[in-house]
Amino acid sequence: SDAVCNFVICNDSSLRSQPIIFNPDFFVEKLRHEKPEVFTELVVSNITRLIDLPGAELAQLMGEEDPKLPGANSTASGFFRSLMSLKRKEKGVVFGSPLTEEGIAQVSQLIEYLHKNLRAEGLFRVPGNSIRQQILKDALNSGTDIDLDSGEFHSNDVATLLKMFLGELPEPLLTHKHFHAHLKIADLMLFDEKGNKTSTPDKERQIEALQLLFLILPAPNRSLLKLLLDLLYQTAKKQDKNKMSAHNLALMFAPHILWPRNVTANDLQENITKLNNGVTFMIKHSQKLFKAPAYIRECARLHYLGSRAHTSKDDLDLLTSPGSKELQPLKSQKRSRLDTCHQEETQQRTEEALKELFRHVHNMPDSAKKKKLIRQFNKHPTALTPGSDVPTSPAPRRTRSRSFSGLIKRKVLGTPVILERKSRDATPEPERVSKENVHLLQKCGSPAHMSQAKLKSSEGRKEESCRRMRAHLLSKDSSSL
């Protein structure tokens, strides 16, 4: 049937203010489902960085070879092994069948009920009533609705049935392929200052290795494992009531979730302590084990954003494999564009500030300070000096007379000071002459102190007086020589 998608618009302002929930592992799950080969290669390469897996064990973890498990070649057939094999022959819809989403949905009812009844003493250790357990098992296999809160079943019945469901799975919840990897994780120890291996577990490396190992579990196994470890974690927190610590719970569940099928304790006598301690560690740190490491999340995110990134702490670059696209450095290009825009904006602001400052200086009254500031502006490069907006002309350099006779010679040769001043844009300061010449220069007149109208009206008189003064000065100069 065709699926119908409905869009619901929320008009409640109180709900709009709520924070948006974001899954940090979104790109990790996307990469797992869309490109499982690239995802598996990425995760396994980081697992081998933490633990040493020989070629055969690595091939088993990748699923390229059948796992070689302890007791597989043994001819001994104990009562326990025969009993477990007989139980698995009677397959039901849920019990004894491979793990499916339907089976998880049925078993989740048991887990939800046990979360409400964690105070029962000896939970998961004290067996329940076998008749009530069989009734409950048949109801789960048939898919009928069960009311566990009716009081018909005891918490010990439900707890025992949950262990029975895990024990009848065709393979342990952590799968046969991961068995040797879990043994190696249990051997991760700290090193002393001299580089010698100690007996203290390296918790950070163990957590990181378990995070990576859980990422490549089948999706149904990972979902049920999370539900189960959350339940056991909450059970251990109430050990003052139920008397079940994390280690006691590990002894109850290690054979069902980690031990290989059809093996006995004698087959695992060398590793049974490691396996039990490993499950204890999982229960204590269950709240951290289902988060992908930060570098895996970043690698998956950049894979879809089209950037090239390192995939591990050791700068492993696995995304250049034949099964994946070569990533392009779009992130660096975007950063360079942002830097260029920022520089242009800063340059524009600087120029506007300089223009405003220059206008302020130009509007100041004439003074020595104003001239000094204008000279400082003129020293700046043209890109930063807003001289184009406000037209100004630099103060011309005057050629000063060294003697009174030099001034007379320039006047006689027809280059009077008046004509020199008219050819300049800016009005220079009056020349410094001796006290004897002040009275004579004032008689000749200066355009700096006379208006245009006065110059036109007195043009004839000024020329006559200048001719007389030149003749008088020449006669005086010749007598002195």
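Tabulated results
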read-out: Selection status of Ile272, modelled with pLDDT of 90 or more, more than 28 Å from Leu42 (Cβ to Cβ), surrounded by 12 or more Cβ atoms within 10 Å (Cβ to Cβ) and of a type in the set (A, V, I, L, M); value: yes
read-out: Test: Gln133 is at pLDDT 90 or above, touching an Asp or Glu at 6+ places or on another chain (Cβ under 6 Å) and not aromatic (Phe, Trp, Tyr); value: yes
read-out: Breaking point among (1) part of a loop (DSSP other than H, G, I, E, B); (2) over 27 Å from Phe26 (Cα atoms), for Lys241; value: (1)
read-out: Filter result (under 29 Å from Leu275 (Cα atoms), not in a helix (DSSP H, G or I) and not aliphatic (A, V, I, L, M)) within segment 130-179; value: Glu168, Pro170, Glu171, Pro172, Thr175, His176, Lys177, His178
read-out: Segment 215-238: number of residues that are open to solvent by 20 Å² or more (accessible area, probe 1.4 Å) and either among the aromatic types (Phe, Trp, Tyr) or part of a loop (DSSP other than H, G, I, E, B) (or both); value: 4
read-out: Among (1) open to solvent by 90 Å² or more (accessible area, probe 1.4 Å); (2) modelled with pLDDT under 55; (3) not small (Gly, Ala, Ser), the one test that Leu318 misses; value: (1)
read-out: Single condition Lys116 does not satisfy, out of (1) modelled with pLDDT of 90 or more; (2) open to solvent by less than 50 Å² (accessible area, probe 1.4 Å); (3) not polar (S, T, N, Q); value: (2)
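The values are calculated or read from the model by the stated rules, or taken from the named source; none is laboratory data. Just so you know, these numbers come straight off a predicted model, no measurement behind them. Here Cβ is always computed from backbone atoms with ideal geometry, including for glycine, and neighbour counts include all displayed protein chains. Accessible surface areas use protein heavy atoms only, side chains included; no ligands, DNA or RNA. Shrake-Rupley method; radii C 1.70, N 1.55, O 1.52, S 1.80 Å.
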